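The values are calculated or read from the model by the stated rules, or taken from the named source; none is laboratory data. Since the model is a prediction, treat every value here as computed from it, not as a measurement. Heads up, the Cβs are rebuilt from the backbone with ideal geometry, glycines too, and the neighbour counts pull from every protein chain shown. Protein only, heavy atoms only, side chains kept; ligands, DNA and RNA dropped before computing areas. Shrake-Rupley method; radii C 1.70, N 1.55, O 1.52, S 1.80 Å.
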Amino acid sequence: MRTIYLPLTGIMLGMLLFSCSKKDAGTTSTTTDSTVTTDTTATVTTDCSAAANTTARVVCLAEAFESTLSSSQLSSLVTSYSSTYAIKWSNLPCGSSCRNGLQYSSLSSTQLAAAKAVVAAASGTAANEGYDEITQIIAADDVLNAASNSSSYGSGIYFIAFVGTPSTTGTWQLQFGGHHLAVNITFSGGAVIGATPRFEGIEPKSWTSNGTTYAPIAQEQAAMLAMLSSLSSSQLASALLTTKFSDVLLGPNEDGQFPATKVGLAVSSLSTTQQALVLAAMQPWVNDADSATAASLLSTYSSELSSTYIAYSGNATLASNADYVRIDGPSVWIEFVCQTGVVYPSQIHYHSVYRDHKRDYGNSFTF
């Protein structure tokens, strides 16, 4: 049986029972799932498992997390809802200088469990996608920490923030991220209205721990490779870009900078089988969102295939430094690039970004 390393075990993605209390004299607080008993002197119990939908469950868990925090922690966690805070994210190991919110390493075990439950509830549940992928990207940073002995890396250097107040009626954004990871999910009126921008990267691209091998971005690379491998030599020539890419084009601080003209190979010129591979290449990114949001987005992207383009630079094998591939539709924008490793310079590592022309940050801001 395949097992996945989780930075914190015992968190169930569906049925989570939180026993939470505000920090004050003589009061303790414990976060548990249904398999663990609690031992508290004063608690307010919140069962989020019966929430009506994903948004309601995330808001319930967000409020449970908030109830474990001090007033100063709350002021760091929750910002006003504005583009200034919404766009403050990065894939770099730049700590709090480029991010909002509370750092994992600053939280107690109870607070950390509650924070992780919020992120898990807002994420997809497919193997190697969604929250599973998040935990593996975080675990990879511990691998980098051990290999480099650098304090810039590690599972404690990830941040959670609420841009706006969590609500089933208002508009707010869940932010989570650190090195090689940026999750931005926007909620409004009780629904997810934006699952992007989302950055995912990995170094090393695979590693083994306790007999299990992890390669969380392998599905993304394989899906893009299958799409490119289906092309004929003439189609590859049409899809080839002359520009070389050392990184993704639309990473942090590049909001709203989509190219005005689509380039590469029109998906409308492809066979039905090839078009299906284009749609399949999107799925590893789309499936990082909760299942209902992912299904809705994939349906939209499928309906827009005839106006979608694919392009690549470097080699279509996606195995060497500066090999790059892009999917650009009326809505969807996905980039994947290979880079020389930083801690492991003899290897490549992956960067990717998933955006949506119409739904980044829930289309709440003008850039």
**Prompt:** Picking from Ser90, Ser72, Ser76, which residue would you name as being modelled with pLDDT of 90 or more, in a helix (DSSP H, G or I), over 26 Å from Ala292 (Cβ atoms) and in contact with a strand residue (DSSP E or B) (Cβ under 9 Å, 6 or more places away or on another chain)?
**Reply:** Ser76
**Message:** Looking at the stretch 295-308, can you tell me whether even one residue there is outside any helix (DSSP H, G or I), in contact (Cβ under 8 Å) with a residue 40 or more places away in the chain and open to solvent by less than 40 Å² (accessible area, probe 1.4 Å)?
**Reply:** yes
**Request:** Among the residues of the stretch 316-367, write down those that are of a type in the set (Val, Ile, Thr), touching a residue at least 24 places away in the same chain (Cβ under 8 Å) and in a strand (DSSP E or B).
**Result:** Val325, Ile327, Val332, Ile334, Val337, Ile348, Val353
**Complete:** Among the residues of the stretch 211-233, the number that are open to solvent by 10 Å² or more (accessible area, probe 1.4 Å), part of a loop (DSSP other than H, G, I, E, B) and either farther than 23 Å from Ser271 by Cβ or of a type in the set (Val, Ile, Thr) (or both) is 2
**Prompt:** Is there a residue being within 20 Å of the chain's Cα centre (by Cα) and surrounded by fewer than 17 Cβ atoms within 10 Å (Cβ to Cβ) anywhere in the stretch 63-83?
**Reply:** yes
**Fill in**
Considering the stretch 321-342, residues that are surrounded by 23 or more Cβ atoms within 10 Å (Cβ to Cβ) and in contact with a helix residue (DSSP H, G or I) (Cβ under 7 Å, 6 or more places away or on another chain), and then whichever is nearest to Tyr153 (Cα to Cα), we arrive at Phe336
**Item:** Residue check, Asp142 surrounded by fewer than 24 Cβ atoms within 10 Å (Cβ to Cβ) and under 24 Å from Asp247 (Cβ atoms)
**Value:** yes
**Prompt:** For the subset of the stretch 157-166 comprising residues that are in a loop (DSSP other than H, G, I, E, B) and farther than 15 Å from Phe199 by Cα, which member is most open to solvent (accessible area, probe 1.4 Å)?
**Reply:** Thr165
**Message:** Take the conditions within 15 Å of the chain's Cα centre (by Cα) and open to solvent by less than 10 Å² (accessible area, probe 1.4 Å) and apply them to Gly154. Does it pass?
**Reply:** no
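Have a look at Ala56, Ala113 and point out the one that is open to solvent by less than 50 Å² (accessible area, probe 1.4 Å) and either closer than 23 Å to Val286 by Cβ or touching a helix residue (DSSP H, G or I) at 6+ places or on another chain (Cβ under 6 Å) (or both). Even if it seems obvious, please write down each step before you answer.
Numbers: Ala113 fails: either closer than 23 Å to Val286 by Cβ or touching a helix residue (DSSP H, G or I) at 6+ places or on another chain (Cβ under 6 Å) (or both).
Only one candidate passes the filter, namely Ala56.
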**Output for the stretch 117-137, where each listed residue is open to solvent by 10 Å² or more (accessible area, probe 1.4 Å) and in a helix (DSSP H, G or I)** = Tyr131, Asp132
**Asked** How about the stretch 84-110: which of its residues are open to solvent by 50 Å² or more (accessible area, probe 1.4 Å) and of a type outside the set (A, V, I, L, M)?
**Response** Thr84, Tyr85, Lys88, Pro93, Ser96, Ser97, Gln103, Ser105, Ser106, Ser109
**Item:** Pairs with Cβ under 9 Å, 6+ apart, first in the stretch 156-179 and farther than 30 Å from Asp142 by Cβ, second of a type in the set (Phe, Trp, Tyr) and open to solvent by 10 Å² or more (accessible area, probe 1.4 Å)
**Value:** Gly164/Tyr81; Gly164/Tyr85; Thr165/Tyr81; Gly170/Tyr81; Thr171/Tyr81; Trp172/Tyr81
